[in-house]
Protein chains: 2
Amino acid sequence: MTGEATVTLAHGSGGRSYHQLVEEVFLPAFDNPFLRELNDSAICPVAGSRLAMTTDSFVVRPRFFPGGDLGRLAVCGTVNDLAMSGAQPLYLTCAMILEAGLPFRELRQICASMAAAAEEAGVAIVTGDTKVVEKGACDGVYLNTAGIGIFPDCSQPLPQRLQPGDALLVSGDLGDHGMAVMAAREGFAFTPEIESDVAPLNGLVKALLAAVPDTHALRDATRGGLAAVVNEWAEANGLDLHLQQDALPVRQQIRAACELLGLDPLYVANEGKLVAAVPVGHAQAALAALQAHPLGRRAALIGSVGQAGGRVTIDTPYGARRFVDMPAGELLPRIC
Amino acid sequence: MTGEATVTLAHGSGGRSYHQLVEEVFLPAFDNPFLRELNDSAICPVAGSRLAMTTDSFVVRPRFFPGGDLGRLAVCGTVNDLAMSGAQPLYLTCAMILEAGLPFRELRQICASMAAAAEEAGVAIVTGDTKVVEKGACDGVYLNTAGIGIFPDCSQPLPQRLQPGDALLVSGDLGDHGMAVMAAREGFAFTPEIESDVAPLNGLVKALLAAVPDTHALRDATRGGLAAVVNEWAEANGLDLHLQQDALPVRQQIRAACELLGLDPLYVANEGKLVAAVPVGHAQAALAALQAHPLGRRAALIGSVGQAGGRVTIDTPYGARRFVDMPAGELLPRIC
């Protein structure tokens, strides 16, 4: 054994190590103008149209959890990446890596969940691929979905469009997905059971963009939670972002579970929550549009964009202001 | 333990069990007109254009082998799936599942191979995703590439377009990829070393379609080898296909290695060879176009399409005719 540098779980976190991996390995290798944007969806000109294109692999453990499963996650994750870029999701591919010995019953259940989620989102799974590896060479099932969507003729939400004064909103309670998966994995019995929020958000985005076409930025708060989104935005345009802790919607049960486990809901993954930045004059319209949608009823105004700086702060209920850092390592591996 | 039905390595073979999995699990779950075509690329209408869309995961073992590596394979495989549908490949996504402990050196090498193959094929890798799983939860690196392409304004090669009398061609020597990977995996030392043929075939397809726009069907002979392609075609349109064993280009070294190991080159995977069906009057033009391209120099006429029946036969040099069946199980797991 040499002391050779190797990949660690932290590189999959969506946090600092992950960004380092992208900057130091992937960008130098693959550099091109599409990739360089580093958004969840690439924007690709095709025959006079602009297409959004995205991909995501899903390795969550366990593959069945309260509120969802790997299949539902795989469809919603890719639908949401497309929706957050402002595109209307159209078609998905699905590639499966299966471990020999996987019960057909589980495979059928995952397929049924994928089909139901695709119908809910209004997308078609148009092509697929299946590989089977030996027992022990993967953990049951790993899914990949890639997707394409088209952009409507309006300005596109992009982190670079944040402006000082913009209002920040979140579409609902934070931390449900991460805590649901963690509880299922570790066998914690919470009463009532904590359910994942995994859901396709393209309908919610459509409602928001209809109310506020000039929405500056959109992102689903998955790996690394809300903290990862606001830090990526602050880094992308060099502006400070300010959050109000009091304003963050977190269900009491999640707050208690996080406290018990020493976790901060700000950093816990969601799979059905978006973060939006809108011009301050449109904040109430955005809030109303989100709250009028079944998936946005608990939406809240949570902060604002400040001046140059590129850091994220949060005001605590006790009058203190502290920095919210990019998640550094991997809090909860294989949570989404 | 119950006697519950489970996934086996045979379900990943591209052969009979795989087709059963598709028919019995995937089609009932995801049924839609795009998927039902069951071609390697789906045809998706987008904003007045027709897009081809495909996905493939790559779990080959070992990940470095003479003539290529997992990265080159992942780009060429998806480029080729698009090219075989008659589409011009444009954009690729790349999703990686990495095992904690993977040396960065290997990751960089795989990325460099992907970038080089993308340049060779004239496609851009526009977006990506990375997941890291614990040691033991995958075998080093699993890659997924999905891709889109556009169709030129000409008739599209499809297995359903085969006609009695069509000539069958293959673009070069059979069996190189499968034998190279197998030799690398098992530590067989062949002299000279057997190299994989992994290559992007979109240029070769372009040359063929320029010479014979009315090419009826195209397919790359990957999992299950040439035998899988001709059986899928026979099944797709219910016609018999006849091969001439004498005419099959197989390098002497591969023939000897296959004999030694009890394998039939007809069933061994290729990653840089296509099979084409053209109207018999265009057979010589097709052959000339293939042979004029660096990747098709050893192209050959290998057989013809017969009457109704839906079976594949091969004429041996000794005057016998035998059936060529769809590969039933998994000959060489994780070969592509």
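The values are calculated or read from the model by the stated rules, or taken from the named source; none is laboratory data. In this text, all values refer to a predicted model and were calculated from it rather than measured experimentally. Counting neighbours? That spans all protein chains shown, and the Cβs are built from the backbone with ideal geometry, glycine included.
Some points to look at:
- Every residue from region B:111-140 that is β-branched (Val, Ile, Thr) and more than 9 Å from chain A (Cβ to nearest Cβ): B:Val123
- Those helices (runs of 4 or more DSSP H) of region B:1-99 in which 1 or more residues are at the interface with chain A (Cβ under 8 Å from one of its Cβ atoms) occupy B:16-21, B:27-30, B:33-36.
- Residues that are farther than 13 Å from B:Val75 by Cα and among the charged types (D, E, K, R), drawn from region B:120-135: B:Asp129, B:Lys131, B:Glu134, B:Lys135
- Of all residues assigned to region B:142-151, at least one qualifies as being in contact with a Cys (Cβ under 6 Å, 6 or more places away or on another chain), at pLDDT 95 or above and within 14 Å of chain A (Cβ to nearest Cβ).
- Scanning region A:168-184 for residues that are among the acidic types (Asp, Glu) and either over 17 Å from A:Arg72 (Cβ atoms) or modelled with pLDDT under 95 (or both) yields a count of 1.
- Counted residues, region A:113-145 - those being out of contact with any helix residue (DSSP H, G or I) (no Cβ under 7 Å at 6 or more places or on another chain) and polar (S, T, N, Q): 1
- Residue in region A:270-286 that is touching a residue at least 12 places away in the same chain (Cβ under 8 Å), over 25 Å from A:Val212 (Cα atoms) and under 20 Å from the mean Cα position of the chain (by Cα) present: no
- Some residue of region B:29-44 being buried (at least 24 other Cβ atoms within 10 Å of the Cβ), within 29 Å of B:Pro159 (Cβ to Cβ), touching a residue at least 24 places away in the same chain (Cβ under 8 Å) and small (Gly, Ala, Ser): yes
- Residue among A:Glu193, A:Glu232 that alone is surrounded by fewer than 24 Cβ atoms within 10 Å (Cβ to Cβ) and over 19 Å from the mean Cα position of the chain (by Cα): A:Glu193
- Within region A:155-186, the set of residues being more than 30 Å from A:Leu261 (Cα to Cα) and in contact with a helix residue (DSSP H, G or I) (Cβ under 7 Å, 6 or more places away or on another chain) comprises A:Pro159, A:Gln160, A:Leu162, A:Gly165, A:Asp166, A:Ala167.
- Hey, A:Thr78 under 30 Å from A:Pro213 (Cα atoms) and out of contact with any helix residue (DSSP H, G or I) (no Cβ under 6 Å at 6 or more places or on another chain) or not: yes
- In region A:134-178, residue nearest to B:Thr130 (Cα to Cα) [restricted to those that are crowded, with 24+ Cβ neighbours inside 10 Å and polar (S, T, N, Q)]: A:Asn144
- Considering region B:92-133, and only residues there that are over 30 Å from B:Lys206 (Cβ atoms) and in contact with a Cys (Cβ under 7 Å, 6 or more places away or on another chain), the residue that is surrounded by the most Cβ atoms within 10 Å (Cβ to Cβ) turns out to be B:Ile97.
- Qualifying residue in region B:324-332 (condition: closer than 21 Å to B:Asp81 by Cβ and free of Cβ contacts under 8 Å to residues at least 60 places away in the same chain): no
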